[in-house]
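Asks: One structure follows; several queries about it will come next.
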Amino acid sequence: MKKNIPWLVLTAVVMMVLPWLAVTFVPAVSGMAALLAMFFCIDPLWSLLVGAAAGRDVKNMWVLPLAAALLFVAGAWCFLDFGDPDFFVYAIPYLALGYGAMYVSHLIRKRKKK
């Protein structure tokens, strides 16, 4: 559990604080570009990173990719459009990326032990 806390805090920052920063401080003209960069670059890369980290200790850290997807939806609902189900269109691939990276990371770690 203690391994999860720093990852969960960083995930909350990436998935919740960054949208708030984009909505609050980025001018409206470039706000859409900032959100697209988050949706298509930052958030998927973070999901991959969290999944790869979870693959090192699947038994204790399996919840991290799920938390990343849920925190993304929570952040999007809080700061963009509350209750909009379209954000699940992004959250489901983030979840798949996270668990896919976890699986690959686990397989690589398993092969190195042999």
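Asks: Take the conditions in contact with a Phe, Trp or Tyr (Cβ under 7 Å, 6 or more places away or on another chain) and exposed (fewer than 14 other Cβ atoms within 10 Å of the Cβ) and apply them to Gly51. Does it pass?
Replies: no
Asks: Can you name the residue in the range 38-48 that is open to solvent by 50 Å² or more (accessible area, probe 1.4 Å) and without any contact (Cβ under 8 Å) to a residue 24 or more places away in the chain and, of all such residues, is nearest to Trp77 (Cα to Cα)?
Replies: It comes out as Phe40.
Asks: Another one. Check the range 24-37 and report whether any residue there is aromatic (Phe, Trp, Tyr), within 21 Å of Tyr90 (Cα to Cα) and either free of Cβ contacts under 8 Å to residues at least 60 places away in the same chain or surrounded by fewer than 18 Cβ atoms within 10 Å (Cβ to Cβ) (or both). Give the derivation first.
Replies: Step one: list which residues in the range 24-37 are aromatic (Phe, Trp, Tyr), which gives 25.
From the residues that got through so far, the ones that are within 21 Å of Tyr90 (Cα to Cα) too are none.
Checked the range 24-37: no residue is aromatic (Phe, Trp, Tyr), within 21 Å of Tyr90 (Cα to Cα) and either free of Cβ contacts under 8 Å to residues at least 60 places away in the same chain or surrounded by fewer than 18 Cβ atoms within 10 Å (Cβ to Cβ) (or both).
Asks: Among the residues of the range 85-94, is there at least one that is touching a helix residue (DSSP H, G or I) at 6+ places or on another chain (Cβ under 6 Å), of a type outside the set (A, V, I, L, M, F, W, C), surrounded by fewer than 20 Cβ atoms within 10 Å (Cβ to Cβ) and touching a residue at least 24 places away in the same chain (Cβ under 8 Å)?
Replies: yes
Asks: If a residue has to be of a type in the set (Asp, Glu) and either closer than 17 Å to Val9 by Cβ or part of a helix (DSSP H, G or I) (or both) to count, how many in the range 43-57 make the cut? Lay out the reasoning, then the answer.
Replies: Filtering the range 43-57 down to residues of a type in the set (Asp, Glu) leaves 43, 57.
Right, trim to either closer than 17 Å to Val9 by Cβ or part of a helix (DSSP H, G or I) (or both) and you get 43.
So the answer is 1.
The values are calculated or read from the model by the stated rules, or taken from the named source; none is laboratory data. All figures in this text were calculated on a predicted structure; none of them were measured in a lab. Please note: Cβ atoms are built from the backbone with ideal geometry, for glycine as well, and neighbour counts cover all protein chains shown. We work out accessible area using only protein heavy atoms, side chains counted, and drop any ligands, DNA or RNA first. Shrake-Rupley method; radii C 1.70, N 1.55, O 1.52, S 1.80 Å.
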